[in-house]
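Computed from the coordinates by the stated procedures, all read-outs in this text should not be read as laboratory data. Please read these numbers as outputs of a predicted model, since none were measured by experiment. Cβ placement follows ideal geometry from the backbone for every residue including glycine, while neighbour counts extend to all protein chains displayed.
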Amino acid sequence: MSPSSSSAPLPLQIALKVFTSQQKKKQALEMESAGAPTRRLQAVASQTASLKEGENFLVVLPDGGKVTASLGQGQEEPNDIFLNGSLVLSYTISATQYALDISSVGTRYQGATSHIPKYSLLTVTAPKQAANPRSKDVSIPDFWVAIYALFMLYRDQEHIPIVFFFPNEDEIKNYLLTTGLVRTYPTSELRLKKAPVPPDVYFLSRAAFWQGAGTTGFHRRSWLLNPQPAFPSLTTYTRTEKVIAMHPLRPTKPEPGEVLYRRWCGVVGQMLEIAYFDLEGVHDGSAALGGGLSRHMAAFHRWHNDERVNTAWGERGSLETHREYVEGLLADPHAWPCMLSWDGELMGYVEIVYTKEDHTAQHYPVDVVPGDWERGIHVLVGESKFLGGGRSEIWIRSLVHYIFLADPRTDRVLGEPDHENTAIIKVALNSGFHIQTIIDFPYKRSVMVLNPREKFFKLCRLW
């Protein structure tokens, strides 16, 4: 039974315990004849299967920490969450269920709704000390890791109702409430009846968690490796051959090769990274090793001279031409050229732009206004081996996730794929975008697709 079921669940026990010794032998035989991508995925599966008895792999943190769980065999039995083999906290699953039916508060439907999902209450406790019956304090970074683990186990739930008991629970409650990671059941002066949810029950918010609540300023375990404070809103202007626009002044760009975002994608068992373009190879020293050509520039040049990529982008050319192209983007305040990689292997390229001063802004319908901090994306997969297998949806969602994390004022992401590129349009729709309209540029007809922040985090298909 899944964790989001309406009865008391045993979270992912059956799904996570899939590798028996017999299956491992079969897997070894399959790996001998499998291709490289298949072998890589099977190796990850084998690694996660070779944990301690009863321990289940959940996620790798951006800093490399491995999060696992030991799941109880029945209701009210303890479930343990571990970070690098050390117990972080435990929880039990109650038969009691609660719904956060906030729209009904103050009405006759309060506490009586049936259409809003009810979720089982989790009782969270701290680990015991070795020679002391008193429980340990739970640090804020470790509690965030535990929340991450819970949303891996209960990923279909919008909320997780919890009560918790540990020595520093006041500190944790303050952290959760001030960061927005939890909500309490609201009260209403309109209806003076007993609230259907006790006041000590807190609802962990999936949308708040994936928006990065409780990360910046508290720990360095989040997906943004170098989070920046919100840049002040100051007016400036852009005047080019294509654009005349008033818009906010844009923040300073990242350092060459700086890793902006890192997230473990469990579906493929690999770490995705987004890094700012390193033209000279100063970040990893690749220019010195490769005849003066940086790793990023070499891949960019090779990809654009590939027939598949050139058909979509039309930027086939010499190394000098491609270098000038990238230099223009690096000098443009509104455009961020970035490289994407799986487990450090370069796989694709993206241009992230501010739409307010981008030429696409002039093609918005009259009833849709580009936001001051709205951004657009132009993407390509350079390595053919990373096409298909559901990967595109995963990294597109991750890219949108990064953009929303980078600035909370960004309320929408734009894409404008060619109208004949049905494959990428399908990927966009499966990644949370919707078709707004058809737009005609001088050089192509495009489908305008938009991905609003509220919708993206409401659905939260990040796994």
(request) In whole angstrom, note down how far apart the Cα centers of the range 137-151 and the range 61-79 are. (result) 11 Å
(message) Tell me the mean residue ellipticity at 222 nm calculated for the chain from its helices only (DSSP H runs of n ≥ 4, each -39500 (n - 2.57), averaged over every residue, nearest 500).
(response) -8000 deg cm²/dmol
(message) What do you get for the angle between helix 36-49 and the principal long axis of the chain? Use alpha-carbon atoms, 0 to 90 degrees, nearest ten.
(response) 20 degrees
(request) Return one number: the angle in degrees, 0 to 90 and rounded to the nearest 10, between the long axis of the Cα atoms of helix 319-331 and the longest principal axis of the Cα atoms of the chain. (result) 60 degrees
(request) Please return the longest stretch of the chain lacking exposed loop sites, where GluC sites (Glu not before Pro) count only if DSSP places them in a loop and at most 13 other Cβ atoms lie within 10 Å. (result) 242-419
(message) Which of T311, T238 has the fewest other C-beta atoms within 10 Å, and how do the rest follow up to the most?
(response) T311, T238
(request) Taking the Cα centre of the chain as origin, sum charge times position over the Cβ atoms of Lys and Arg (+1) and Asp and Glu (-1), and report the length of that vector in debye to the nearest 20. (result) 1280 debye
(request) Would you mind checking the tilt of helix 169-179 against the longest principal axis of the Cα atoms of the chain, expressed as 0 to 90 degrees and rounded to 10? (result) 30 degrees
(request) Two decimals is fine: what's Rg over Rh for the chain, C-alpha atoms, Kirkwood radius as Rh? (result) 0.99
(message) Defining a contact as two alpha carbons under 8 Å apart and six or more residues distant in sequence, what relative contact order in percent does the chain show?
(response) 10 percent
